[in-house]
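Let me begin by presenting the structure, written as structure tokens, before commenting on it.
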């Protein structure tokens, strides 16, 4: 009986300590790790949040760019106290599916804090390709299986995952040409080295209006104000296509729940502010804050789904 009483007291003390930490959080600088280079959408979102959270918390919020698995690994191994966070994207969930050397589990080693935004991607094709609709593009790809190429910013990028979801949903054969950055993937499309690329909204608006690429459809649940005449992929004739890419904040596993809840509350308030939501929307990002439990569920479900998609694509971990 005494053991259980002692255990109960210990648990109460732990809970009280966690609540106390949350009430005083943060008492020093907070670090947001971005596993992508400077200038990426992820980096931009992190810097917008960091700027506003610095004012909310009266503590400096430092954005640290650590591209690739080393960045995520550093967060997974950080002290779970809320002072090290990571802003990443959907591709995070397939890290172990594409690399045997990854030392962290994308789900088990992290705790969801909040989804920050959805950033719809636009299916664009080369101007040299004589198609004017998604249906025409898919028909052309089916007529010449394996002869069309699509570019991406790498296997862990949204541009690849979306293209692979499209390829499998439409049952077409295309060749993947990966690059190290979105700018290189766009350049390949402009040169007609590839026939298709999923690009951010702002790039699609700029390059489409300049007649440098042909915009066919957008990979989102509904049309966007920046491209009101561009149909969704489902509207354009492929209802089986489903992809909801996200950008969100994760913390090391075992970060105390009261601290996660506090960070969630503060980031949600920032995202709902008129100036920040306006800045995100102008960049083609749709603010989409949710609860830690909801974001955890999304990360887990996406890890299962996209790992299967990677396997179906014939990609094995190297």
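Full extension of the chain between residue 24 and residue 81 yields a length gain of 19.3 nm, computed as 0.36 nm times the residue separation minus the alpha carbon distance.
Each residue, residue 175 and residue 108, gets one label point 7 Å from its Cα in the Cβ direction; the gap between the two is 3.9 nm. If R0 is 30 Å, the Cβ-Cβ spacing of residue 315 and residue 184 corresponds to a FRET efficiency of close to 0.90. Set the Cα radius of gyration of the chain against 2.2 N^0.38 Å, with N its number of residues, and you get 1.08.
For the chain, the longest principal axis of the alpha carbon atoms and the long axis of helix 257-272 meet at an angle near 50°. Centre-to-centre separation between the Cα atoms of the range 265-307 and those of the range 200-228: 22 Å. Each Cα pair under 8 Å and six or more residues apart adds its sequence gap; the mean of these over the residue count of the chain is a relative contact order of 27 percent.
Sort 31, 142 so that the residue with the fewest other Cβ atoms within 10 Å of its own Cβ comes first and the one with the most comes last.
Sorted ascending by nearby Cβ count, the order is 142, 31.
Simple spin-label estimate for residue 139 and residue 192 gives 2.1 nm between the two label positions (7 Å along the Cα-to-Cβ direction from each Cα). Against the chain, whose longest principal axis comes from its Cα atoms, helix 292-312 is set at around 40 degrees. On full extension, the segment bounded by residue 253 and residue 54 gains 69.3 nm, given 0.36 nm per residue less the C-alpha separation. Counting only alpha carbon atoms, the long axis of helix 158-170 and the longest principal axis of the chain meet at about 60°. Averaging the Cα positions of each part gives two centres, and for the range 22-56 and the range 146-166 these lie 29 Å apart. Measuring r between the beta carbons of residue 210 and residue 235 and using R0 = 30 Å, the FRET efficiency lands at 0.75.
Every helix of 4 or more DSSP H residues in the chain counts as -39500 (n - 2.57), and over all residues that averages to -14000 deg cm²/dmol at 222 nm.
Dividing the convex hull volume of the alpha-carbon atoms in the range 78-139 by its residue count gives 167 Å³ per residue.
If you take the alpha carbon radius of gyration of the range 121-218 and divide it by 2.2 N^0.38 Å, what ratio comes out, to two decimals?
On the way: Rg = 11.8 Å, N = 98, 2.2 N^0.38 = 12.6 Å.
Compared with the compact-globule rule of thumb, the range 121-218 sits at 0.94.
The alpha carbons of the range 225-301 give a radius of gyration and a Dmax of 15.8, 46 Å, in that order.
FYI, it's all coordinate maths here, none of it is from the lab. Everything quoted here is computed from the prediction, not taken from an experiment. Using ideal geometry, Cβ is built from the backbone for each residue, glycine included, and neighbour counts are taken over all protein chains shown.
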